[in-house]
Amino acid sequence: MLSTVRQISVFCSSIHSRIVSDGPCLVLETGKFNALLDKQKRHDQLARNLKTQLDIEGRGFRSIQEELEARTQEWEEIKRDYDRELLSLKDLERQSQGHIQYLEAQIRTLKGLERRVVCLIDGDGTIFSQELLALGEQGGHAAARELTRLILEYLKGNFTQSPSSPELSVYIFLHKRGLMDALGMAGYHNEKAKFDDFIAGFNQAGQRFMMVDVGAGKENADSKLRAFLQDSIRSPQTWKVFFGGSHDNGYAPDLQSLITDGFREKLILLPGYTQIASRIADLGFPVLAIHGIFMPDKLPSFKSPPSRPSHFGLLPILDKTEEDPEIQSVNSSPATPKSARKTAGNPSTPSKIKKGAKVKATNAQRGWIALI
């Protein structure tokens with residue numbers, strides 16, 4: 001124990017003596033140490049500051065990362081929705097394509113059925129000839145047959161791609177009582193007496209041949225004809241429409257509307273008179289000029305109207321067909337004068353007809369009978 005104390009004492013003495021001898025050096029080292037210690041403290045403070053800033057930046061980064069992840073999830077959801085919509089659109093496109101193909105097939109089918117030919121006639125202004133009317137029922141049969149023949153010949157001769165067996169329908173709208181009165185006033189008494197039989201014969205000529213009495217009224221026949229014209233020409237099954245109302249400029253707006261709607265190629269004029277109303281002629285439709293079936297001119301008035309007032313009025317065409325200096329003729333030859341139409345040999349003139357007498361057939365009538 002004593003030796004240990006002695007050793008400590010010796011060590012302390014040596015330390016003291018060294019301190020005494022090395023005092024200035026030790027002070028210098030202490031200063032360096034303190035300087036290093038201060039530097040270390042500054043570094044530690046800078047590290048703490050950097051760590052704090054890093055924590056702040058880290059929290060901002062995590063916020064940005066979280067927002068980016070949320071946006072990514074939203075984008076992925078939008079992409080999934082887009083993919084679903086794209087698949088739906090592709091399915092819809094396939095369905096639409098199939099529907100289009102179906103409709104195209106239907107159109108081809110309808111075009112294959114485009115064989116209907118319609119003839120529409122304003123019977124108040126397009127009147128069958130005196131010879132046909134005088135034959136009564138047989139004249140109705142002959143008129144229907146000859147009209148059919150001429151229409152089919154015209155189609156075959158003017159259209160190379162015509163249907164093999166066109167289906168012809170003929171509709172004639174008229175005011176029967178008014179037309180019969182006009183025939184009587186013109187002196188065509190036999191024709192007037194046979195008019196009902198003529199209508200019956202025409203209607204019996206075919207399932208699609210109809211002469212329709214629309215009753216009194218200036219616009220009755222017009223309105224029926226306009227409605228049938230619109231319905232017929234717009235039907236995809238209708239190939240051609242023959243229009244027998246070209247004597248009346250009142251139909252010009254309807255025909256112009258059909259041109260605007262793209263139906264020009266479907267319509268053909270079928271004039272009865274030798275003259276076509278100027279506004280209709282200017283539209284430039286093709287014309288089927290038929291001679292011998294219809295009266296070439298307006299009914300003449302050889303007699304004054306009866307003193308007893310008529311409940312049905314005059315024939316509408318006498319009211320609505322004006323004298324138009326610009327009316328164009330179907331033929332190059334001028335219209336036959338009225339004075340030339342009444343001949344002494346006409347069996348239908350009042351001076352040659354006796355009550356109950358039989359009327360001999362003229363050469364023209366015998367020709368129509370031969371057609372029957």
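Just so it is clear, none of the values below were taken in a lab; they were calculated from the coordinates. Quick caveat, the model's predicted, so the values are computed rather than measured. Note that we place each Cβ from the backbone using ideal geometry, even for glycine, and neighbour counts take in every protein chain shown.
Residues S162, S17, S223 in ascending order of nearby Cβ atoms (within 10 Å, fewest first): S17, S223, S162. Extension gain, Q207 to L92: 0.36 nm times the residue separation minus the Cα-Cα distance gives 36.8 nm.
Phi angles across the range 49-57 convert, under the Karplus curve 6.51 cos²θ - 1.76 cosθ + 1.60 with θ = phi - 60°, into 3J(HN,Hα) values of 4, 4, 4, 4, 5, 5, 4, 4, 5 Hz, Gly and Pro given as x. The local environment of D83, defined by Cβ-Cβ distances under 12 Å, has a net charge of 0 under the rule Lys, Arg +1 and Asp, Glu -1. Averaged over residues, the count of other Cβ atoms within 10 Å places the peptides 117-123, 151-157, 43-49 in the sequence 117-123, 151-157, 43-49, highest first. Cα to Cα, under 17 Å, and not fewer than 8 places away if on the same chain: which aspartates and glutamates meet these conditions relative to K51? Filter leaves no residues.
The phi torsions of the range 80-97, fed into the Karplus equation with coefficients 6.51, -1.76 and 1.60 and a -60° offset, translate into couplings of 4, 4, 4, 4, 5, 5, 5, 5, 5, 5, 5, 5, 5, 5, 5, 5, 5, 4 Hz, rounded to whole numbers, with Gly and Pro shown as x. Given in Å, the Rg to one decimal and the Dmax to the nearest whole number for the Cα atoms of the range 156-301 are 16.1, 47. Both radii are taken from the alpha-carbon atoms of the range 41-112; with Rh as the Kirkwood radius, Rg/Rh is 1.70. Neighbour counts of other Cβ atoms within 10 Å put E137, E131, E66 in the fewest-to-most order E66, E137, E131. Taking 27 Å as the limit for the C-alpha separation, the pairs K176/K266; K224/K266; K192/K266; K192/K218 exceed it in the case of K176/K266; K192/K266. Distance from the alpha carbon centroid of the range 167-198 to that of the range 242-291 works out to 23 angstrom. Using the alpha-carbon positions of the range 135-207, Rg (one decimal) and Dmax (whole number) come out as 15.3, 47 Å.
Our analysis of the range 194-263 gives Rg over Rh at 1.01, with the two radii drawn from alpha carbon positions and Rh computed by the Kirkwood formula. With R₀ fixed at 51 Å, the C-beta to C-beta distance from A216 to K156 puts the FRET efficiency at about 0.80.
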